[in-house]
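Step one of this worksheet: look at the structure below.
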Amino acid sequence: MTLLEEELILHASDQDTLITIGVFDGVHLGHQHLINELKKQAKERNLQSCLITFKDHPSKVLGQDDIKLILSLEERNLALEQMGLDRIIMLSFTPEIAEICATDFVGYLLDHLRMQGIVVGSDFALGRNRAGDATALRRLSHIMDFSVSVVSPVVIENQIVSSTAIRQALRTGNVTKARLMLGRNYHLRGTVQSGANRGTKLGFPTANLTLPGYLALPADGVYAAKAFLAEKEYKAVANIGSCPTFGQEEHRLEVHLLDFKGDIKGQTLKVEFVEFLRSEVCFANAEALKAQISVDILKARDILR
Ligand SMILES: Cc1cc2nc3c(=O)[nH]c(=O)nc-3n(C[C@H](O)[C@H](O)[C@H](O)COP(=O)(O)O)c2cc1C
Ligand SMILES: Nc1ncnc2c1ncn2[C@@H]1O[C@H](COP(=O)(O)OP(=O)(O)O)[C@@H](O)[C@H]1O
């Protein structure tokens with residue numbers, strides 16, 4: 001028995017299901033549209049809406065691309081859980097799964113998950129060599145008796161919303177475009193760490209977060225941001241970079257919360273990026289940096305009003 005079958009048996013369904021499959025990195029507006037369509041059709045047909053996703057990115061597992069993720073696995077799960085599906089099934093993606101042909105893959109879904117139909121995006125494909133595209137699935141659906149619904153892509157400013165387009169926008173610091181495609185601000189979450197103890201002396205204490213190398217981060221630079229401590233929201237300025245003014249240090253995220261005082265080391269901080277303000281600069285001295293941060297804060301206050 002294949003690992004895929006073993007995992008599907010663990011998630012075996014006792015109700016008829018309508019299924020969508022994908023990585024859903026970002027859970028962006030295109031994904032949200034597809035999921036809403038799945039939920040709508042499932043309701044109309046009295047089926048369980050069921051989303052199948054993979055723990056690991058197929059491109060990474062297959063060594064095709066050093067792909068950076070928009071959301072960590074935990075954040076993707078959180079975003080998917082908020083979509084109100086009946087079921088979310090998280091599968092392993094292994095080279096072995098990549099070798100299963102589309103017909104067998106569909107067969108397992110019919111047998112173990114009682115799939116009555118599949119809802120996919122127009123560029124979707126499953127099975128070995130991505131042979132199970134929308135056309136192939138339609139052909140199979142007549143033989144194996146399930147429905148296929150192909151949802152058209154969401155287009156924003158003449159561009160199809162996609163994880164690739166969001167990663168590209170983030171690479172250039174365009175968090176505004178990332179927001180348009182995600183339907184929410186791009187964010188990072190982490191535990192506040194100690195830094196070099198300079199911030200307070202500068203007049204701008206910063207909460208430091210380490211940056212996981214596997215994420216599709218916004219370009220280095222300064223951003224108007226919103227910071228969330230527990231559920232409380234603060235206006236903030238954030239710098240992604242390595243503080244060249246003080247010699248190149250570790251690449252990290254530094255956040256100064258406006259109108260806040262307190263020790264937050266060890267606490268979880270969520271940082272939403274609202275607008276790019278400027279690139280990181282190697283200043284001649286700390287005074288020059290301090291003056292610039294004051295200007296950054298004025299601009300951020302204006303943006304975050
Ligand atoms: C809004 C903002 C903008 C910043 N811009 C720069 C910059 O352009 N160049 C730089 O070297 N460091 C920049 N920094 C980082 C500071 O150098 C850093 O916060 C300070 O040295 C405190 O470091 P510490 O938290 O390790 O004590 C910026 C920090 C903030 C909060
Ligand atoms: N407005 C604020 N924004 C961010 N951190 C703050 C703020 N006020 C106080 N802090 C605290 O100050 C700490 C940062 O102090 P700082 O002097 O920059 O040193 P370091 O970054 O080396 O720890 C943060 O971890 C947090 O506990």
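Assorted remarks:
- Selection count, the range 248-301, where residues are free of Cβ contacts under 8 Å to residues at least 60 places away in the same chain, surrounded by fewer than 18 Cβ atoms within 10 Å (Cβ to Cβ) and closer than 17 Å to N185 by Cβ: 1
- Residue within the range 16-32 that is in contact with a Pro (Cβ under 6 Å, 6 or more places away or on another chain) and in the same structural domain as M115 (by TED's automatic domain parsing) present: yes
- Check on G213, of a type outside the set (S, T, N, Q) and within 8 Å of ligand 2 (Cβ to nearest atom): no
- Residue within the range 15-24 that is surrounded by fewer than 17 Cβ atoms within 10 Å (Cβ to Cβ), hydroxyl-bearing (S, T, Y) and under 21 Å from the mean Cα position of the chain (by Cα) present: no
- Any hit, the range 184-195, residues being among the charged types (D, E, K, R) and under 15 Å from L29 (Cβ atoms): yes
- Residues in the range 7-53 that are among the aliphatic types (A, V, I, L, M) and in a helix (DSSP H, G or I): 8 in all.
- Test result for V295, among the β-branched types (V, I, T), in a loop (DSSP other than H, G, I, E, B) and in the same structural domain as K201 (by TED's automatic domain parsing): no
- Flag for K55 being of a type in the set (D, E, K, R) and surrounded by 15 or more Cβ atoms within 10 Å (Cβ to Cβ): no
- Selection within the range 174-207 - near ligand 2 (Cβ under 6 Å from one of its atoms), farther than 18 Å from L258 by Cβ and hydrophobic (A, V, I, L, M, F, W, C): A196
- Taking the conditions (1) surrounded by fewer than 15 Cβ atoms within 10 Å (Cβ to Cβ); (2) charged (D, E, K, R); (3) modelled with pLDDT of 95 or more in turn, E96 satisfies each one other than (3).
The values are calculated or read from the model by the stated rules, or taken from the named source; none is laboratory data. Everything numeric in this text was worked out from a predicted model, so none of it was measured. For neighbour counting, all protein chains shown are included, and Cβ atoms are generated from backbone atoms with ideal geometry for every residue, glycine included.
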